[in-house]
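Asks: Can you read through this structure? Questions will come right after.
The values are calculated or read from the model by the stated rules, or taken from the named source; none is laboratory data. Please read all numbers here as calculations on a predicted model, not as lab measurements. Cβ sites come from the backbone with ideal geometry, for glycine too, and all protein chains shown count toward neighbours.
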């Protein structure tokens, strides 16, 4: 699968937003199954790590996107 470089910043920002939202949700009193939220968070983190590993193979691209790896 090929992902256009222009889309990577958008994908990373969306993943960061998902992490922030689900972390807040995990600590919410309205959640009945915290383990489901934590499992979903782990999947997002694993996906983000994979993207970081792949992007780091291209140093120029990594330097453009490294700010998006911080939450």
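Asks: Of everything in the stretch 44-58, what is touching a helix residue (DSSP H, G or I) at 6+ places or on another chain (Cβ under 8 Å) and not in a helix (DSSP H, G or I)? Give them in sequence order.
Replies: 56
Asks: Restricting to the stretch 14-30, name every residue that is within 21 Å of residue 52 (Cα to Cα) and touching a helix residue (DSSP H, G or I) at 6+ places or on another chain (Cβ under 6 Å).
Replies: 15, 18, 19, 22 - these are the residues of the stretch 14-30 that are within 21 Å of residue 52 (Cα to Cα) and touching a helix residue (DSSP H, G or I) at 6+ places or on another chain (Cβ under 6 Å).
Asks: What is the residue count in the stretch 28-38 for residues that are surrounded by 13 or more Cβ atoms within 10 Å (Cβ to Cβ) and assigned to a loop (DSSP other than H, G, I, E, B)?
Replies: 1
Asks: Yes or no: residue 19 in contact (Cβ under 8 Å) with a residue 40 or more places away in the chain, surrounded by 11 or more Cβ atoms within 10 Å (Cβ to Cβ) and either in contact with a strand residue (DSSP E or B) (Cβ under 9 Å, 6 or more places away or on another chain) or not in a helix (DSSP H, G or I) (or both)?
Replies: The answer is no for residue 19.
Asks: Got a sec? Which of 41, 61, 25 is on the phi < 0 side of the Ramachandran plot, modelled with pLDDT of 95 or more and in a helix (DSSP H, G or I)?
Replies: Of the residues listed, the single one that is on the phi < 0 side of the Ramachandran plot, modelled with pLDDT of 95 or more and in a helix (DSSP H, G or I) is 41.
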